[in-house]
Structures are given as structure tokens and as C-alpha cells.
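The values are calculated or read from the model by the stated rules, or taken from the named source; none is laboratory data. All values reported here derive from a predicted model rather than from experimental measurement. Quick reminder, even Gly has a Cβ in these numbers, built from the backbone with ideal geometry, and neighbours come from all protein chains shown. Note: areas computed on protein heavy atoms with side chains; ligands, DNA, RNA excluded. Shrake-Rupley method; radii C 1.70, N 1.55, O 1.52, S 1.80 Å.
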Amino acid sequence: MFRKLVNLVFFLVILAGAALLAKELVDSREPLNAKPRQSKPPLVQVHTLKQQGAQITLRSHGTVQAKISLQLTSDIAGRVIWVNPALVTGVILAPDTPIARIDKTQYELALAQAQLALRDAELSLADAHTRFKTQSPRHPQIRRSEAQVAAAKAQIKKARTDLSRTEIKLPVEALVTGKQVALGQYVAPGTVLASLQAVDEVEIALPVSPKELELLHAAGDASIQLKPVNKQNGSWTASLARLNQQLDQNTRVAYAVASVSKPYELPVPLRIGQFVEAEIQGITLDEGFRVPTSALFENSHVYRVQDSNQLERVNIELLRQEARSAVIRGELSVGDRLVLSRLDIMSDGMSVAVDATP
């Protein structure tokens with residue numbers, strides 16, 4: 001019992017000594033200087049607006065088509081006695097090239113009969129003058145004979161016209177796309193002899209969106225560069241002929257029509273039916289700014305870094321979206337710094353640090 005009491009007293013003495021030693025160590029340490037916790041603002045990359053006004057290029061494609069397509073017909077009736085061997089589908093023929101000839105026997109006869117009728121009418125008029133002029137210069141018989149002369153002259157004019165139409169000629173330089181006439185065929189007025197496409201000028205209908213159509217309206221003059229889609233050599237310069245205001249009912253797109261004159265006389269011919277890519281250049285948006293696509297947030301706003309390095313949200317109008325850049329319009333000025341980085345939280349008045357790395 002006595003031994004247990006001694007051990008307890010010894011334990012309490014050791015515990016008291018340890019407590020005194022701990023207090024002495026705590027009291028002797030240097031006081032800690034408490035510092036408020038400071039959070040660094042997030043680092044962002046920015047794009048500085050350097051120039052107002054943006055040049056844009058619209059890209060489209062289309063098929064080369066003749067501006068004028070026509071069907072060559074016969075104005076008279078008769079049997080075809082000759083067809084030009086050069087009248088072959090796919091061949092370009094010069095203006096005034098004879099296509100076919102129709103038997104002209106009956107038209108020569110009609111001309112001779114009209115000429116005979118004129119001589120008879122002139123004799124009748126002379127006789128009427130001899131017999132009735134003393135009574136009245138405007139005697140009914142004289143007026144009748146004058147009308148017969150006029151009718152005979154008109155008949156001669158018609159007969160000569162019909163006779164000239166027995167040889168059917170090409171009105172313009174054209175590409176033959178179809179042949180419907182054959183030797184020995186009997187044709188009537190209006191019979192189609194050949195289908196043709198004029199090659200003096202071609203057009204390319206380029207599909208554009210309604211918004212792009214508005215840009216072309218505001219652009220004024222625009223130049224168009226054409227290239228073959230198969231990456232072959234060759235390029236052509238076209239002009240903007242007109243803007244089609246009617247939307248396609250199936251695709252809901254409009255068409256900008258490009259034109260090229262003398263396409264087959266170019267160093268590299270631009271052929272009817274060829275499929276080409278088009279770049280419409282010369283469109284300037286004076287009020288727009290070109291920015292990287294990463295500067296856009298939901299395509300509706302951007303964040304501008306103020307001089308105090310605080311964010312300011314600015315609503316914008318997206319004028320043109322491209323692969324790596326966009327053209328926008330809003331309350332922006334040259335020198336504004338637009339945020340390119342994506343942060344978890346972005347709001348007006350938020351402090352940021354601008355990354356100075358180029």
C-alpha cells in the first residue's frame with residue numbers, strides 16, 4: 001500500500017514538472033504576426049482592338065450556265081433539203097452559220113406571182129388615172145387601184161422574206177446542246193430544229209444566306225474570283241450581275257448572280273456546265289471589328305478589361321462568323337482590350353490580371 005502511494009506521488013510530480021516546462025516554452029516563444037489572406041486576381045489573355053472596319057469574303061459555289069438559251073425554229077413550212085454537217089451536239093458555231101435549208105421552189109413561185117400582181121396593179125392604176133382623173137383626182141376607182149398596188153408591194157415583201165427564211169442561220173455564236181432536224185424532214189412553222197446556248201456571256205448563280213444578301217446590298221461593288229472545284233489550274237474574274245430577291249422555296253437561300261463575258265475566249269476557257277467555287281470580295285463593314293472567335297461569349301457579348309483591370313460586359317451584334325474570327329458591332333472603340341480566356345466565374349466589376357505574354 002505504501003509503495004503504491006509513493007508511485008502516485010512520483011507520477012504527480014513528473015506531471016506537474018512537465019506542465020511547468022510546457023508553460024515556460026509557450027511563454028518564451030515570439031508572438032506571431034497575423035496577416036490578412038490575399039487572393040490573386042485570375043490571369044487572362046486579351047485581344048486589343050486596333051482598327052475599326054473589317055474586310056470580309058463570302059464563299060459560295062455554283063454551276064456555269066448560259067445567260068441565254070434558245071431554240072432555233074422554222075418560220076415557214078417545207079421539206080428540209082440540206083442540214084449542216086457541223087450541227088453536232090457540243091460544238092460551238094459562229095453567228096450566221098447556216099443550219100439547214102428548206103425547199104424554196106414554192107417561195108420563188110410566190111415571189112414571181114407577187115411581182116406579176118404588182119405589174120397588173122400598176123397597169124390598172126395607170127388606166128384609172130387616164131379614165132377618171134379628169135373627173136376627180138380621188139375617184140374611187142383610182143383609190144382602189146392604189147390600194148391594189150400597195151397590197152401587191154406588201155405581198156412581194158412577204159414573199160422575199162419567206163424566200164430568205166428558206167435558209168435558217170444561227171443568230172448568235174452558240175453551243176449546240178441538241179439537234180432535232182434531219183434531212184428530208186417536213187417542217188411546219190414553229191418546228192424546233194436545234195437547241196442552243198449563247199456563249200457570249202455566262203452566269204453563275206451563287207447561293208447566299210439572307211444575311212449575306214444584306215451584306216452584298218450594303219457593299220456596292222464587289223469582285224468575284226472563280227476557281228474549279230477539282231483543284232485544277234485556272235481562275236476567272238467575274239462581276240456581280242444582280243442579286244436575286246426571291247428565296248428558294250426548298251433551301252431558303254437567295255442567289256447572287258455572277259457573270260463572265262466571252263468565257264470560251266479566255267486563256268483557260270470557262271465552260272458551260274462547269275462547277276466552280278466562288279469568293280466574293282470587296283465587302284467592307286465600316287462599323288465592325290474583327291476579333292478572334294474566343295472573344296465571343298454565347299455569340300451575344302464580350303468582356304472588356306477597363307483601365308482599372310476590372311471586367312465590363314458589352315453586348316454585341318454578330319455580323320459575320322468565320323472559322324477563326326468573327327466580325328462584331330457594338331459599343332466598342334479602338335484600343336479596347338477584350339478577354340480571350342475562359343474563367344469559371346466572370347461578371348461586371350471582377351478584377352483580373354492581364355497576361356503580358358505576346
Of the listed values (1) 52; (2) 73; (3) 45, identify the label whose number matches percent of Cα pairs over 27 Å apart calculated from this model. (2)
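Full extension from K169 to N250: what is 0.36 nm times the residue separation minus their Cα-Cα distance, to one decimal in nm? Numbers along the way, then the final one.
Values: separation 81, 0.36 × 81 = 29.16 nm, distance 4.04 nm.
Using 0.36 nm per residue and subtracting the Cα-Cα distance, I get 25.1 nm.
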Mean ellipticity per residue at 222 nm, deg cm²/dmol - from DSSP H runs of n ≥ 4 across the chain, formula -39500 (n - 2.57): -9000 deg cm²/dmol
Just name one of L183, V44, N299: the one whose Cα is farthest towards the positive end of the charge dipole of the chain (beta-carbon charges, Lys/Arg +1, Asp/Glu -1). L183
So which GluC sites (Glu not before Pro) in segment 173-217 are both in a DSSP loop and have at most 13 other Cβ atoms within 10 Å of their Cβ? none
Hey, what angle do you get for helix 140-164 against the long axis of the chain, alpha-carbon based, 0 to 90 degrees rounded to 10? 50 degrees
Amide H of V253 versus every other amide H placed in the peptide plane: which residues, excluding those fewer than 5 positions away on the same chain, fall under 5 Å? D248
What FRET efficiency comes out for the pair K153/A182, r = Cβ-Cβ distance, R0 = 41 Å, nearest 0.05? 0.65
Along the charge dipole of segment 213-280, Cβ charges K/R +1 and D/E -1, which of S261, S223, I280 sits furthest on the positive end? S261
Work out the FRET efficiency for L123 and V88 from their Cβ-Cβ distance, taking R0 = 45 Å, and round it to the nearest 0.05. 0.30
Going by alpha carbons, how many degrees (0 to 90, nearest 10) lie between the helix axis of 105-132 and the longest principal axis of the chain? 60 degrees
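Taking the Cβ-Cβ separation of H139 and T161 as r and a Förster radius of 25 Å, what is the calculated FRET efficiency to the nearest 0.05? Present the calculation step by step, with values, prior to reporting the outcome.
On the way: r = 33 Å, r/R0 = 1.33.
Efficiency computed from Cβ-Cβ geometry: 0.15.
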Residues of segment 217-358: accessible area per residue with a 1.4 Å probe, Å²: 58 Å²
So what's the angle, to the nearest 10 degrees on a 0 to 90 scale, between helix 2-28 and the longest Cα principal axis of the chain? 50 degrees
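Which percentage, to the nearest 5, of the DSSP beta bridges contained in the chain is antiparallel?
On the way: 76 of 78 bridges.
Counting DSSP beta bridges with both partners in the chain, the antiparallel share is about 95 percent.
Please give the length that would be gained between I81 and Q113 if that part of the chain were fully extended, namely 0.36 nm times their separation in residues minus their C-alpha to C-alpha distance (nm, one decimal).
Extra length from I81 to Q113 when fully extended: 9.2 nm.
Can you pick out the pairs among K104/K157; K67/K262; K104/K169; K104/K158; K158/K179 whose Cα atoms lie more than 20 Å from each other? Intermediate values should be presented prior to the final figure.
On the way: K104/K157 16 Å; K67/K262 11 Å; K104/K169 15 Å; K104/K158 14 Å; K158/K179 28 Å.
Distance filter (> 20 Å) returns K158/K179.
In segment 86-142, carbon and sulfur make up what percent of the accessible area (probe 1.4 Å)?
Numbers: 2020 of 3590 Å².
Looking at segment 86-142 in its full context, I get 56 percent from C and S.
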For labels at Q106 and R131 in the simple 7 Å Cα→Cβ model, what's the distance in nm? 3.6 nm
